[in-house]
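What follows is a set of notes on a single structure, which appears directly below.
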Amino acid sequence: MEHTPFWWSAAGEPAPLNDERPLPTHADVVVVGAGLTGLSAARTLARAGQHVVVIERGPPGIGASSRNGGQVGGGHRLPAVVLDAQYGAETATRLLREAHIDSVNFFHDLLDSESIECDWQAVGRFRGNWTQREYDAAARDTDRLNRRIGLAAHTVPRAEQQAEIATDLYCGGTVFPTHGAINPAKFTRGLAQAARDAGADIHSFTELQAIRREGHQQRVETSRGAILAGNVLAATNGYSGPALPTLQRRIVPVPSFIVATEPLGENRVRDLMPAGRVYVESRVRHCYFRPSPDGERLVFGGRAALFPVSERLAVSQLRKLISDVFPELGAVALTHSWRGFTGFSFAQVPHVGTVDGVHLAMGYSGNGNTMAPYLGHKAAMRILGDPEGETAFAHTRFEGRFWHRGRPWFMPAADLKFRVQDLWDTMRHTR
Ligand SMILES: Cc1cc2nc3c(=O)[nH]c(=O)nc-3n(C[C@H](O)[C@H](O)[C@H](O)COP(=O)(O)OP(=O)(O)OC[C@H]3O[C@@H](n4cnc5c(N)ncnc54)[C@H](O)[C@@H]3O)c2cc1C
C-alpha cells in the first residue's frame, strides 16, 4: 500500500520552488504557508502590485491542501440555529451566505479566470444524518437556509435514501446541489501557478522561526535568513507551530485519515453511490467519501482517531468505518492510505483577523477547499486596506483556552468522549 495521497498519482507530488535562490531581504508582505489560504492571498496581493514572499516549510501544498478529501462547498457544517445563538441573526446570515454562496462563487471564478484544471465535478453533496433527531433538525435548518440565503438544498428521507447511497446507515440526509468534487492536489498546484503568474515569490523549504517587531516593520526570521516585511500573514492552519505561539494556542490540529480502494469498476462504484455525489455524515467520527474522479474507486476518509495513531490502527479503523457504511466492502483491497491535519478553532468556525500584529486566516475546521482560498483573498484585501476585505468571518470568535498551550494533550480524552457520544446517540434514537 502507498502512503502518499491517491491524488498525487494523477497530479504529481508537490514540487519544491526556489529553494536554491537566496531569500529576498525585504518584502511588502511575507505569507507563511503555501496552502490554499497562503497561495490565494499571495495571488491577490501580487495582483495589487505588492512584493509578496511566500515561505513554506516543505514544497507548496504539502500541508492539508493537496491531501484532503477533494469535497467542495463551504457551509454544510454550520447550523443556522447555532450561528444565530452565537452571533445574532444578522451576522449569522452573513456567515451563512459567505460560506455557502460567496466562497463557492469565488472558487468558480478562480477556476475560470486562472484556467485551473482540477477534475471539477458538479455532483452535489449528500450529508447523511446519524439519528432521526438530527434528520429532523437538518430538515428545519435546510428550510431556514433556503429562505434566508436562497440556497436550493433539499432533504431526502430515509425511505428515499437508496437513490443517493446504497446504505441503511443514515436516517435520511440533506443534498447540497452546488457542492462538488476536485482533485485537491491539482487545485493547489493550479493556485500556486496562478500566484506565481501574478508575481508572488514562493520559497519552499523555508521555515518560519520567529517574528520580531522592528519599528513599523516585522523581522521574519526563517531557516534560510531574515526578511524585513511591512506585513506578515500566517496561513498555517492545522500546521501552526511554536514559531507562532499565540496562534498555536488558538488552533487545535485534528488529524484526518483517508484511504483509496483498488479499482472496483465504475458499475460497482455507481451501485454503492447511485447519485455519484460526495458524501459526508453528521456523526462525530465524521466519515467523508466519494468516487474517485474516474469513477473507479472509493476514496474514504474519517476520524479514525482524534490524535496521531499508527498506520495499522488508522487503516483498521477506516476499514471498520467503510464496512459500517457499505457492509459488502469490508475486505476490499486498499491501495493508498494517508493523513493530514485539519485546523479547528474552538468556535469551529473560521476566522480572519490580526493577533499580535500578525494577520491570519484559519480555523476551517475540516472544510477549506472553498473557504481557504476565499478567506485568504479576504485577508489580503484587509492588508491592502480595501473595503472588499470586509467579511463576517472577521467577527467570529477566535480565543484560546488556558489549558491549551500548544501541544494538544487533551485529544485522546476528546476521542473517548466522542466515541461514547456516538454510541449514546446510536442507542438513544430510532435508527
Ligand atoms: C485529510 C484531510 C481531509 C480534508 N478533506 C476536506 C474536504 O474534503 N473538503 C474541504 O473543503 N476541506 C477538507 N479538508 C480541510 C482542507 O484541506 C483545509 O481546510 C485547507 O487545505 C486549509 O488550507 P490552508 O492553506 O489554510 O492550510 P494547509 O494547506 O494546511 O497549509 C498550511 C501550510 O503552512 C506550512 N507551515 C506551517 N508552519 C510553517 C512554518 N513555521 N514555516 C513555514 N511554513 C509553515 C505548512 O507546511 C503547510 O503547508 C481536509 C483536511 C485534511 C487534512
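Worth pointing out:
- Whether a residue is farther than 26 Å from I62 by Cβ and surrounded by 17 or more Cβ atoms within 10 Å (Cβ to Cβ) was assessed, and S282 passes this test.
- Looking only at the stretch 139-190, and only at residues there that are of a type in the set (K, R) and surrounded by fewer than 21 Cβ atoms within 10 Å (Cβ to Cβ), the one that is nearest to R43 (Cα to Cα): R148
- Only one of T93, T37 that is β-branched (V, I, T) and either closer than 18 Å to R144 by Cβ or at pLDDT below 95 (or both): T93
- Residue identified as part of a strand (DSSP E or B), away from the ligand (no atom under 12 Å from the Cβ) and among the charged types (D, E, K, R) among R189, R219: R219
- Every test in (1) within 21 Å of the chain's Cα centre (by Cα); (2) surrounded by fewer than 24 Cβ atoms within 10 Å (Cβ to Cβ); (3) farther than 27 Å from I258 by Cβ is passed by L384 save one, and that test is (1).
- Yes/no for R270 being among the basic types (K, R), out of contact with any helix residue (DSSP H, G or I) (no Cβ under 9 Å at 6 or more places or on another chain), without any contact (Cβ under 8 Å) to a residue 60 or more places away in the chain and under 28 Å from R407 (Cα atoms): no
- Counting only helices (runs of 4 or more DSSP H) that fall entirely inside the stretch 7-96 and contain at least 2 residues that are among the polar types (S, T, N, Q) and surrounded by 24 or more Cβ atoms within 10 Å (Cβ to Cβ), the qualifying elements are 36-47.
- Members of the stretch 368-397 found to be in a loop (DSSP other than H, G, I, E, B) and β-branched (V, I, T), listed by number: T370, T391, T396
- Unmet requirement for S256, which otherwise passes all of (1) modelled with pLDDT under 95; (2) in contact with an Asp or Glu (Cβ under 8 Å, 6 or more places away or on another chain); (3) farther than 26 Å from F402 by Cβ: (2)
The values are calculated or read from the model by the stated rules, or taken from the named source; none is laboratory data. This structure is a prediction, so every number in the text was calculated from the model and none was measured. Backbone-built Cβ (ideal geometry, glycine too); neighbour counts: all protein chains shown.
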